[in-house]
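These notes are about the structure you will find just below.
The values are calculated or read from the model by the stated rules, or taken from the named source; none is laboratory data. Note that the coordinates shown come from a computational prediction; the quantities given were computed from them, not determined experimentally. Note: ideal-geometry Cβ built from the backbone for every residue, glycine included; neighbour counts use all protein chains shown. Surface areas here come from the heavy atoms of the whole protein model, side chains and all, with no ligands, DNA or RNA. Shrake-Rupley method; radii C 1.70, N 1.55, O 1.52, S 1.80 Å.
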Amino acid sequence: QVQLVESGGDLVQPGGSLRLSCVFSGSLFNGYTMAWFRQAPGKQRDLVAGITSGYITNYAASVKGRFTISGDNAKKTVYLQMNSLQAEDTAVYYCNGYLGSRADGSGSYRGYWGQGTQVIVSS
């Protein structure tokens with residue numbers, strides 16, 4: 001059984017930075033594609049970034065150049081470094097892990113979800 005636990009969400013001022021972490025419990029971490037999604041109030045859950053087991057990455061257009069997804073196989077952890085945060089980045093951020101070779105989040109429906117971590121960007 002796979003479990004994902006996110007952390008790192010916080011209240012931050014516009015222009016600030018945060019790093020989210022997602023710890024994977026279970027076997028075969030390096031066989032999973034990992035992804036970050038976010039959901040703002042009243043909106044659907046959207047892909048933010050994904051990374052395959054071969055370290056191929058994919059980003060939503062709205063975060064490209066500001067956010068970086070990375071993974072540490074030894075720690076079974078995936079990170080989301082978020083820079084130049086904007087009010088529009090305010091959302092609950094969810095980690096997802098699925099077996100698949102595409103970093104576009106297309107396999108998330110059959111994957112595992114974490115409980116989410118809240119990010120609020122406000123002055």
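Let's see how each residue does on (1) more than 16 Å from ALA91 (Cα to Cα); (2) of a type outside the set (S, T, N, Q); (3) touching a residue at least 60 places away in the same chain (Cβ under 8 Å); (4) in contact with a strand residue (DSSP E or B) (Cβ under 9 Å, 6 or more places away or on another chain):
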position: THR33; (1), (2), (3), (4): yes, no, yes, yes
position: PRO41; (1), (2), (3), (4): no, yes, no, yes
position: THR52; (1), (2), (3), (4): yes, no, no, yes
position: TYR55; (1), (2), (3), (4): yes, yes, no, yes
position: ALA60; (1), (2), (3), (4): no, yes, no, yes
position: ILE69; (1), (2), (3), (4): yes, yes, no, yes
position: ASN73; (1), (2), (3), (4): yes, no, no, no
Practice task
Residues being over 16 Å from ASN30 (Cα atoms), exposed (fewer than 15 other Cβ atoms within 10 Å of the Cβ) and hydrophobic (A, V, I, L, M, F, W, C): count how many of those fall in region 80-117.
Solution key: 1
Fill in the blank from the handout: Taking region 65-79 and keeping residues exposed (fewer than 15 other Cβ atoms within 10 Å of the Cβ) and assigned to a strand (DSSP E or B) leaves ASP72
Handout entry: The lone exception for VAL23 - which of (1) free of Cβ contacts under 8 Å to residues at least 12 places away in the same chain; (2) open to solvent by 60 Å² or more (accessible area, probe 1.4 Å); (3) touching a strand residue (DSSP E or B) at 6+ places or on another chain (Cβ under 7 Å) it fails
Key = (1)
Completion exercise
Here the residues within region 27-52 that are of a type in the set (Asp, Glu) and either open to solvent by less than 20 Å² (accessible area, probe 1.4 Å) or more than 11 Å from the chain's Cα centre (by Cα) (or both) are none
Exercise for the section: Mind listing just one residue for me: the one in region 75-123 that is touching a residue at least 60 places away in the same chain (Cβ under 8 Å) and in contact with a helix residue (DSSP H, G or I) (Cβ under 6 Å, 6 or more places away or on another chain) and, of those, farthest from VAL5 (Cα to Cα)? Expected result: VAL121
